[in-house]
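Structure record follows, encoded as structure tokens.
The values are calculated or read from the model by the stated rules, or taken from the named source; none is laboratory data. Computed from a prediction, not measured in an experiment: that's the story for all the values here. All Cβ positions, even for glycine, are placed from backbone atoms using ideal geometry, and neighbour counts span all protein chains on display.
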Amino acid sequence: MPHTEFLGDLAGVAALGALDGSDRDAFEGHLQERCPECEAALAAWRRDLSLVALSVPEVVPPADLRVRLLETRRGIPASAPPRKPAAAARWLAIAAAVLLALVAIDDVVRHRSIREAQQRAAVLSARLERSREDLARKDLRARFLEDPDVQTILLSGQAAAPGSRGKILFSSRARRAILVAAELPALPPGRQYELWFIAGGKPIAAGTFDPSASGATIFESTPLPEGAAPVEKFAVTIEPLGGVPQPTGPMVLLGG
Amino acid sequence: MKEPSGEARTDDTRVMRRIAAGEGDALGDLYDLYASRVLGLTTRILADPEEAQDVLQDVFLHVWRNPSHYAPDRGSLLTWVLILARSRAIDRLRSLRRRGRDRQVDLSECQIPSAEDLERTAGLRQEGRAVYRVLSELPPDQRQALELAYFGGYTQTEIATLTGAPLGTVKTRLRQGLMKLRDGYRAYFNREEPFAAH
């Protein structure tokens, strides 16, 4: 692909990492064929953009971090408890399989009841399943925001939070909604917001979330169950922590 | 890229040579120079202090293990470290986001500066204050698009969906915002191209 002004103009957005779709394919394909002009432009934009990093306040690290860094460098294990790394599925699968085997052996060796051993194995197994689910969501979520069939539904604040507002981005194909909301009030301890699909006149629970510190929120719902009636409305209510199967609390947002 | 003072670049080369030679003190020196700025950036991107500190550690360990990745002719050491830090922080953010564990985006963060903002910039070094001023003078739509991309790791299509603007409009905002950012740097720094000073 020969160099064109169009491709050169993409370098800045590419340096931001914000290209997607055909623009990204075009630019990456072009780079693979070695274009010194675009490579130079990309590098120059990356340098310029790094100055944006200086426009936010500095944060002084805690003193022990420097100590831990230098100890790690020396290959000496840090004295602070190690941070849990982000779990990769393969690592988790291997670790869980080993743990399951060890738990079974360990419990039998220590003469614990077989039943207790089975319960512990079940907990580990459930954790493994959740992380597999998380990874399966990855592709779905990555494509969701690019779906041209996504519908936008505006929500308005109800009596319990008249200043709040929001919109739902709903993909019937993905059977999921993303809520973008602003001015949601902070909640007392023991309460969370819960999102609802209203399908066939009946509310279906769609997940719970906390408002961010400044009242603005983005939240992705749980899937609409297979076989549900068409969704007519969306609502957000205040519920006990962890949510409830049917709404009990005051409504803050409604639309449809 | 215009060279900053020859001295600054010599300092960069010297500390990296010491790191390549395995001098532990050199890593400490580098950390003392840049850790607060790196942590400021990763905190802005990740919000969670533990995640932000994790990435800070990763970045300095990466520098320790790969001193040959720094090329003095391509920019200052601080620039290289900041590019590394942003890249790793955005990777971490996108990974958390896929698992539903990121903090929620606050679209209202990208706003016209207030008295609070100006007080906040008092803590920035001179260069940071200049960049902050350039950003605050961008049209709000352009600034928001740039900040969602730079600090939020969102793509142009995701920004369109989040802000409700057509994709074409977002592409234009990003392009124009980038050009204005560069023009602003030139005006403030009165140079051909900006650089990151120590």
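The single condition among (1) at pLDDT below 90; (2) more than 27 Å from the chain's Cα centre (by Cα); (3) not basic (Lys, Arg) that A:PRO57 does not satisfy is (2). Scanning region B:5-37 for residues that are within 22 Å of B:ASP73 (Cα to Cα), hydrophobic (A, V, I, L, M, F, W, C) and out of contact with any Phe, Trp or Tyr (no Cβ under 6 Å at 6 or more places or on another chain) returns B:ALA8, B:VAL15, B:ILE19, B:ALA20, B:ALA21, B:ALA26, B:LEU30, B:LEU33.
Scanning region B:161-180 for residues that are at pLDDT 95 or above and under 23 Å from A:ALA53 (Cα atoms) turns up B:VAL170, B:LYS171, B:THR172, B:ARG173, B:LEU174, B:ARG175, B:GLN176, B:GLY177, B:LEU178, B:MET179, B:LYS180.
Of all the listed residues (B:ARG99, B:ARG65), the sole one being more than 21 Å from B:VAL170 (Cβ to Cβ), modelled with pLDDT under 95 and crowded, with 17+ Cβ neighbours inside 10 Å is B:ARG99. Screening region B:68-84 for residues that are facing chain A (nearest Cβ under 7 Å) and at negative phi and picking the one that is surrounded by the most Cβ atoms within 10 Å (Cβ to Cβ) gives B:LEU82. Is there a residue in region A:171-187 that is within 20 Å of B:ARG101 (Cα to Cα), of a type in the set (S, T, N, Q) and under 21 Å from the mean Cα position of the chain (by Cα)? Among the residues of region A:171-187, not one is within 20 Å of B:ARG101 (Cα to Cα), of a type in the set (S, T, N, Q) and under 21 Å from the mean Cα position of the chain (by Cα), which makes the answer no. Any chance region A:218-229 includes a residue that's touching a residue at least 60 places away in the same chain (Cβ under 8 Å) and within 16 Å of the chain's Cα centre (by Cα)? Yes, region A:218-229 has at least one match.
Could you run through region A:1-39 and say how many residues are within 14 Å of chain B (Cβ to nearest Cβ) and β-branched (Val, Ile, Thr)? Number satisfying all stated conditions: 1.
The set of residues in region B:158-169 being within 9 Å of chain A (Cβ to nearest Cβ) and either touching a residue at least 12 places away in the same chain (Cβ under 8 Å) or surrounded by fewer than 19 Cβ atoms within 10 Å (Cβ to Cβ) (or both) consists of B:ILE159, B:LEU162, B:GLY164, B:LEU167. Of the set (1) touching a helix residue (DSSP H, G or I) at 6+ places or on another chain (Cβ under 7 Å); (2) charged (D, E, K, R); (3) modelled with pLDDT under 90, all apply to B:ARG186 but (1).
Among the candidates A:PRO188, A:PRO211, A:PRO247, A:PRO225, the residue that is at pLDDT below 90, surrounded by 15 or more Cβ atoms within 10 Å (Cβ to Cβ), of a type outside the set (A, V, I, L, M) and part of a loop (DSSP other than H, G, I, E, B) is uniquely A:PRO211. Among residues that are in contact with a Leu (Cβ under 9 Å, 6 or more places away or on another chain) and either surrounded by fewer than 17 Cβ atoms within 10 Å (Cβ to Cβ) or modelled with pLDDT of 95 or more (or both), B:ALA145 is included. You will find that of A:ALA101, A:ALA43, A:ALA15, A:ALA87, the residue that is surrounded by 13 or more Cβ atoms within 10 Å (Cβ to Cβ), more than 22 Å from B:SER76 (Cβ to Cβ) and either of a type outside the set (D, E, K, R) or modelled with pLDDT under 85 (or both) is A:ALA87 and no other.
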